[in-house]
Amino acid sequence: MSTISKVNLCDLPYPALERFVMEELGFKKFRAVQIWQWIWVKNVAGFEAMTDISQSDRARLAEIAEIRWPAIADVRVSADGTTKFLLELSDGELVETVLIPSDAPKRPNDVTVRMTQCVSTQVGCAMACSFCSTGKLGFRRNMTMGEILGQVQVARAYVGDTQPERPIIRNLVYMGMGEPLLNLATVMDSLRTLEHPKGLAFSPRRITVSTCGIEAGMREFGDSGLAFLAVSLHAPNQELREKLMPRAAHWPLEELIGALERYPLKTRERITLEYLVIAGVNDQPEHVKQLARICARLKAKLNLIPYNPTPGTPYRAPSPEELLRFEKALWAKDITAIVRKSKGQDIEAACGQLRAAHDAAARGDATGA
Ligand code: SAH
């Protein structure tokens, strides 16, 4: 028996949706805008809800198309409000996405909840960074556009984010599982969909894509202007970077920094350099000097992320005193370094940790949960 698979409209960028609606369904062009808004703005679960489309046209749609989002397999809410979702994709694969409450309100009496969402772009990751729990999983497959943005739509529905002009989820970071630049075409489609003026109209200034530094694609991504760039540096010299990020370090640090020097930036835009602080490994006085030389060459700001301990790695998180000492040493060199506090540590919110815990529990591994 063969089943004809339906087209998941969530996987189609606007031009492809328009083509599908006109060529496959024979509908008028304006129907594409209507369907687009039902899917992306109103976030409906199916065609029945599309009340400005006739019953018979909805039936036609349901015959050959579908609206399919990932399913929530688990949700964990941390004491600090960080909410982590484990999502199941249609082939049973699991990915993670996290909602992080933004910091203190800007004005007194401002009770608006604002959140930053961290999304995944691949199931697993090929880069095998030694500190990262997704890296241990290896690469399984790329996520589709509907799966990448499905994380946002599932989270929007969960928190009741229904008015794009006053969003609860205000900022997006592509910093979950996977390496975005290795799924570049789909990631760029997802950014165009987010920013589509007839859809969610997300500003590129509210989206950051984080990469470990992949030569192919970085320039194309920069020229697109679709989002800000963050680069996972984690080591200020090639030798240490080879130890911490063996695959990423195939592109020599000197060449990566050179590419960042030439990277196209908008007015007042800066590249974010992410630096995982691992006690005794990359937080020594020589590293401060090396970081200062790198930062002097770039329009960049440095985000310090205290290492979130992952089972099975030899590394240790810095104590608050160690972290402060490192931060102050950087300030003394005039480097804009900001510590990004780890949130959601009680719910295994670091990259890949929740899926790892689930996989371990499935194996009956007592250390995993
Ligand atoms: N591949 C991309 C995006 C995914 S990783 C990249 O490398 O940037 C997102 C961020 O989480 C990276 O900066 C990564 O280094 C960091 N990260 C991974 N494991 C971590 C851990 N155990 N503790 C804290 N941050 C971690």
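Each pair of Cα atoms in the stretch 105-184 enters the Kirkwood radius, and Stokes-Einstein at 4 °C and 1.567 mPa s then converts it into a translational diffusion coefficient of 92 µm²/s. Of ALA59, ALA201, ALA235, the residue with the greatest mean-square motion in the GNM of the chain, using alpha carbon springs below 10 Å, is ALA59. From the C-alpha coordinates alone, can you work out the Kirkwood hydrodynamic radius of the stretch 39-154, in Å? Kirkwood hydrodynamic radius for the stretch 39-154: 16.8 Å. Cβ-Cβ distance of SER130 and ALA332, R₀ of 30 Å, FRET efficiency by 1/(1 + (r/R0)^6): the value works out to about 0.55. With the helix formula -39500 (n - 2.57) applied to DSSP H stretches of n ≥ 4, the chain reaches a computed 222 nm mean residue ellipticity of -10000 deg cm²/dmol. Between ASP359 and GLU93, the simple label model (points 7 Å from Cα in the Cβ direction) yields a spacing of 1.2 nm. Taking 7 Å steps out from each Cα toward its Cβ at THR313 and ASP52 produces label points 4.8 nm apart.
Pairs exceeding a 20 Å alpha-carbon distance, out of LYS301/LYS333; LYS299/LYS333; LYS84/LYS341; LYS29/LYS198; LYS84/LYS301; LYS243/LYS299: LYS84/LYS301; LYS243/LYS299.
Taking the convex hull of the alpha carbon positions in the stretch 237-279 and averaging its projected area over all directions gives 3.8 nm². For the stretch 3-66, the Cβ-based charge dipole about the Cα centre amounts to some 140 debye (Lys, Arg positive; Asp, Glu negative; other atoms uncharged).
Grouping the Cα pair distances of the stretch 3-66 into 10 Å bins from zero gives a pair-distance distribution of 22, 65, 13, 0 percent in increasing distance order. Here the chain exposes an accessible surface that is 53 percent carbon and sulfur, computed with a 1.4 Å probe and the other protein chains kept in place. Taken as Cα centroids, the stretch 30-52 and the stretch 263-341 sit 45 Å apart, rounded to the nearest whole angstrom.
Per residue, the chain exposes an accessible area of 47 Å² to a 1.4 Å probe, with every protein chain left in place. Taking every C-alpha pair closer than 8 Å and separated by at least 6 residues, the mean separation divided by the residue count of the chain gives a relative contact order of 15 percent. Mean projected area of the convex hull spanned by the Cα atoms of the chain, taken over all viewing directions: 21.0 nm². Taking 0.36 nm per residue of separation and subtracting the Cα-Cα distance, full extension of the segment from VAL159 to HIS250 would add 28.7 nm. When both bridge partners sit in the chain, DSSP labels roughly 40% of those beta bridges antiparallel. Overall, the stretch 1-110 carries a charge dipole of about 440 debye about its Cα centre when +1 sits on the Cβ of Lys and Arg and -1 on the Cβ of Asp and Glu, all other atoms neutral. Note on the stretch 195-298: Cα-only Rg and Dmax are 15.1, 51 Å. Label 7 Å along Cα→Cβ of GLU24; the stretch 127-147 residues with amide nitrogen under 20 Å? Only 143-147 fall inside the zone, counting backbone N under 20 Å. Computed over the stretch 154-256, the range of Cα coordinates on each principal axis works out to 49, 27, 19 Å, biggest value leading. Its residue count N fixes a reference of 2.2 N^0.38 Å for the stretch 156-207, and the Cα radius of gyration divided by that reference is 1.20. Projecting the Cα atoms of LEU200, ALA71, LEU244 onto the dipole axis of the stretch 71-363, where Lys and Arg carry +1 and Asp and Glu carry -1 at the beta carbon, places LEU200 farthest toward the positive end. Here the dipole of the chain is about 980 debye; that uses its Cα centre as origin and unit charges on the Cβ of Lys and Arg (positive) and Asp and Glu (negative).
The values are calculated or read from the model by the stated rules, or taken from the named source; none is laboratory data. Quick caveat, the model's predicted, so the values are computed rather than measured. With ideal geometry, Cβ positions are generated from the backbone for all residues, glycine too; neighbour counts draw on all protein chains shown. Accessible surface areas use protein heavy atoms only, side chains included; no ligands, DNA or RNA. Shrake-Rupley method; radii C 1.70, N 1.55, O 1.52, S 1.80 Å.
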